[in-house]
Amino acid sequence: MEANKPAEIPPQFVTQAKELAAFVNVVPGEDALAARLWAAHTAGRKLRVKLGVDPTGSLLHLGHAVPLRLLRRFQDLGHQAVLVIGGFTATIGDPTGRDKTRPRLTREQVEENAATFIRQAGKILDVETLEVFYNTPLGSMTLNELVPVFQTASVNQLLAKEVFGKRMEDGGTLAILEMLYPLLQAHDSLSVKADIELGGSDQRFNVLMGRQMQSHFGTEPQVAMLTRILTGTDGESKMSKSFGNFIALDDEPNDVFGKVMRIPDRLIMEYMELVTVLTPSQIEAARKRLEEDGENPMVLKREAATQVVCFIHGNDAAVDALEHWDRVHRHREVPADMPSHTVAVPARLVDVMVACKLAGSKGQARKFIQGGGVKLDGVKVSDTETQVEVPGNSVGIVLSHGRRQFFRLLRA
């Protein structure tokens, strides 16, 4: 049973819940969040707010930052943030969004990836007050200990998970181990005594399984707060390293700024909403300028880029990145006139460099990229497999090598 009725909750906690729930789907509802905030206050205790991450890779990007940002807001309100590192569940891998079984990672691979997570998450979270919980002990539980856990859900219920049903319809293989993953993740909520669990909207099934398991074992079910999924810089797919459309938390401030400046105009408000520390009223004012007052989208995008850099790297870095962008792009430290080249997208950068005669061969193009001298709109390119995304406008993007070679790339 959820704590207190909404009518008994003082207005300040209703307002607090509303602000926390901006752009977030709350289950069973915003009233339940307000009730939980009020109950913790009257009991004189901190809420335990859980966010689970599986270190199946070593890189965190801006998409991961969406729930991390929400977790930090709870920290700022004085509550206890609990970051669950899936030391055991990562060896299985979350099947969400996967059309085939993940290869199992070794414990050594997981530990190496996990070591980088806290440092990267520390760009957003207050690591001094952060509680870190490793679910590695799950792997040592006996079958007698696991049987009650597995009794909390039926096979029919697990098969209702969208990715499982789709894979079976498509004739794919579904491993029993994958079906157990939601239950193992749910067990973390029991272990850390979570009052609230955060996760992306694609984690809905897993997070709600945590509520079910807590109820089964006689504890108050956690409130689920499901964040939207950030669209990648290509404007087409969710932000993912696999798609190459990501902004890493470890990217340099100037690179972050440049990548945000290259997102499609339609993503400006999404980035302001999900990966900045702007208040809802500030975001609404920006929306009005963009959608009603006819403000030039580039002005708003410049503000969004500044705020995203501030979110990851702090205000000083944001100011420096803005000045760098203005110096290079607004004050024309790139040539006013430069040769242009038409690109049929998608196209590999190394192929474009050869076509522009910025490199004599693909091998030479790769060497130039690895040497750090190749940039797209002032942002250094480090991946030799980079795909060139050219906006469909008359400006295109600027490809440069060194200080003297520039090409304006236009979409075919």
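Summary table below
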read-out	value
Orientation-averaged projected area, Cα convex hull of the range 335-412 (nm²)	4.5
q = 0.12, 0.14, 0.22 Å⁻¹, the range 163-282: log10 I(q)/I(0) [Debye, one scatterer per Cα]	-0.66, -0.83, -1.14
DSSP-assigned coil residues among chymotrypsin sites (Phe, Trp or Tyr not before Pro) in the range 211-250, each with at most 16 further Cβ atoms within 10 Å	PHE217, PHE243
Kirkwood hydrodynamic radius of the range 46-227, from inverse mean 1/r over distinct Cα pairs, in Å	16.7
Between helix 30-43 and the chain: long-axis angle, C-alpha atoms, 0 to 90°, nearest 10	60
Of LYS50/LYS301; LYS18/LYS46; LYS238/LYS301; LYS18/LYS50, pairs whose Cα-Cα distance is over 24 Å	LYS50/LYS301
On Cα atoms only, tilt of 297-313 relative to the major axis of the chain in degrees	60
Cα lying deepest toward the dipole's positive end in the range 335-412, options PHE407, VAL345, GLN387, charges on Cβ	PHE407
Relative frequency of Cα-Cα separations exceeding 41 Å in the chain, percent	23
Reachable lysines from LYS367, criterion Cα separation under 19 angstrom, eight or more residues apart if same chain	LYS357, LYS375, LYS380
Ascending count of other beta-carbon atoms within 10 Å, so fewest first, for ARG302, ARG228	ARG228, ARG302
Cross-link reach list, aspartates and glutamates versus LYS259, counting only Cα pairs under 12 Å and skipping chain neighbours closer than eight places	ASP234, ASP251, ASP377, GLU389
Value of relative contact order over the range 260-333, rounded to a whole percent, pairs C-alpha under 8 Å and six or more apart	32
Rounded tilt (10° steps) of 107-121 against the dominant C-alpha axis of the chain	70
Charge dipole (debye, nearest 20) of the chain; +1 at Cβ of Lys and Arg, -1 at Cβ of Asp and Glu	880
Leading residue at positive end of dipole, the range 335-412 (Cβ point charges), from LEU376, VAL398, VAL354	VAL354
ARG327/ARG45 FRET efficiency (R0 41 Å; Cβ-Cβ; nearest 0.05)	0.20
With eigenvalues of the C-alpha gyration tensor scaled by 5 and rooted, the range 260-333, Å	20, 16, 10
Computed label-point distance, nm, for sites VAL127 and SER201 using a 7 Å Cα→Cβ extension	3.2
Efficiency of FRET from Cβ geometry, PHE23 and ILE176, R₀ 41 Å, rounded to 0.05	0.65
For the range 306-325 versus the range 232-288, the gap between their alpha-carbon centres in whole angstrom	13
Approximate shape of the range 244-295 as ellipsoid semi-axes (Cα gyration tensor, √5λ), whole Å, largest first	23, 13, 9
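Read-outs throughout are calculated quantities, based only on the coordinates presented, and are distinct from any laboratory measurement. Note that the structure is predicted; figures quoted are calculated from it, not measured. Glycine also receives a Cβ, built like all others from the backbone with ideal geometry; neighbour counts cover every protein chain displayed.
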